[in-house]
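Here the structure is laid out as structure tokens; the discussion comes afterwards.
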Ligand SMILES: C[S@@+](CC[C@H](N)C(=O)[O-])C[C@H]1O[C@@H](n2cnc3c(N)ncnc32)[C@H](O)[C@@H]1O
């Protein structure tokens, strides 16, 4: 990926990311559960939500930190955030992208990056920036769009195909031609190596959105889906079962 490229894809006026979340209450709640599990009992001075969009999850971060910065490269997302976060004056909104963080070295004790990795086929510059800005005892909470989830593993096994280690472009062929925003799913094992290269080490893993399926959502009550989700995020983590992998990362010592 061209590292100097401006990540302004979400400025398209025909695309309001708020609407993406309509009908995705289960996925939203599953992510909230994972973040709560990772952050339980912790408190931070300054948390950053990198690529935080309109602030969907910045609100949750404000329960765990004195100060929260929504660091987002799309002005349109920040404009939506202005209204969405109107009751949260402690959440600062700043235009910035992950490979050029405007924070001093070792100055931030919690960095979160959810649903951004699918726009980063090669996250090495972004991981280096996170490692630079993070305090020595800080935490990096990272979500990966997981290509190696159980369903894909079955599909590959049925075709006698190996799981790819490199990111997989999941855009339709016509979108690939239009050179639109990158949209990839990752192999978590590769991402863990990329993190290690930046001096970052995974401390905990959760498997998230394990029941993501339009059919299930229609027949199983959401409260039951979330009970199962909560119980299974940890046990399913080792096998990277679900389509989303959450990592709690620290500096390697
Ligand atoms: C799918 S949205 C997720 C928003 C938010 N994290 C959430 O989960 O609700 C992806 C966000 O990543 C941002 N983004 C894309 N490329 C980025 C980059 N290189 N650095 C930081 N943010 C980026 C986009 O502007 C967009 O707001």
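Rule-based calculations on the coordinates, nothing more; no lab input. All figures in this text were calculated on a predicted structure; none of them were measured in a lab. Cβ sites come from the backbone with ideal geometry, for glycine too, and all protein chains shown count toward neighbours.
Can you tell which of 80, 219, 91 shows the greatest fluctuation in a Gaussian network model of the chain with Cα springs below 10 Å?
219
In deg cm²/dmol and to the nearest 500, what is the mean residue ellipticity at 222 nm of the chain if only DSSP H runs of at least 4 residues count, each as -39500 (n - 2.57), divided by the residue total?
-9000 deg cm²/dmol
Hey, what D do you get for the range 211-253 in µm²/s if you plug the Kirkwood alpha-carbon radius into Stokes-Einstein at 4 °C and 1.567 mPa s?
107
Rank 196, 215, 145 by mean-square fluctuation in a GNM of the chain with C-alpha springs under 10 angstrom and give only the top-ranked residue.
Maximum fluctuation in the GNM of the chain, among the listed residues, is at 215.
Once the mean 1/r over all distinct Cα pairs of the range 1-67 is inverted, what Kirkwood radius in angstroms do you read off?
Kirkwood hydrodynamic radius for the range 1-67: 14.1 Å.
Take 245, 190, 165, 69 and order them by how many other Cβ atoms sit within 10 Å, fewest up front.
Taking fewest neighbouring Cβ atoms as first place, the list is 165, 190, 69, 245.
So, in Å, what gap is there between the alpha-carbon centers of the range 170-241 and the range 14-52?
Each part's Cα centre sits 14 Å from the other's.
For a quick size check, give me the Cα extents of the range 16-103 along its three principal axes, largest first, whole Å.
Cα extents, longest axis first: 34, 33, 27 Å.
Which order do the peptides 43-52, 95-104 come out in when sorted by mean C-beta neighbours inside 10 angstrom, highest first?
Final packing ranking: 43-52, 95-104.
Do me a favour and compute the ellipsoid semi-axes for the range 45-144 from its Cα gyration tensor, root of five times each eigenvalue, largest one first, whole Å.
20, 16, 11
For the chain, what is the Kirkwood estimate of the hydrodynamic radius, computed as the reciprocal of the mean inverse distance between distinct Cα atoms, to one decimal in Å?
Kirkwood hydrodynamic radius for the chain: 18.7 Å.
Test of understanding: in a Gaussian network model of the chain with alpha carbons linked when under 10 Å, which of 20, 240, 139 would top the mean-square fluctuation ranking?
In the Gaussian network model the winner is 20.
For the range 129-220, just the Cα set please: Rg and Dmax, both in angstrom.
Gyration radius and largest Cα-Cα distance of the range 129-220: 16.5, 46 Å.
If each residue's Cβ is checked for other Cβ atoms within 10 Å, how do 223, 244 rank with the fewest at the top?
223, 244
Assuming a ≥ b ≥ c are the square roots of the Cα gyration tensor eigenvalues, decide whether the range 66-111 counts as rounded (a/c under 1.5), prolate (otherwise, with a/b larger than b/c) or oblate.
The shape class here is oblate.
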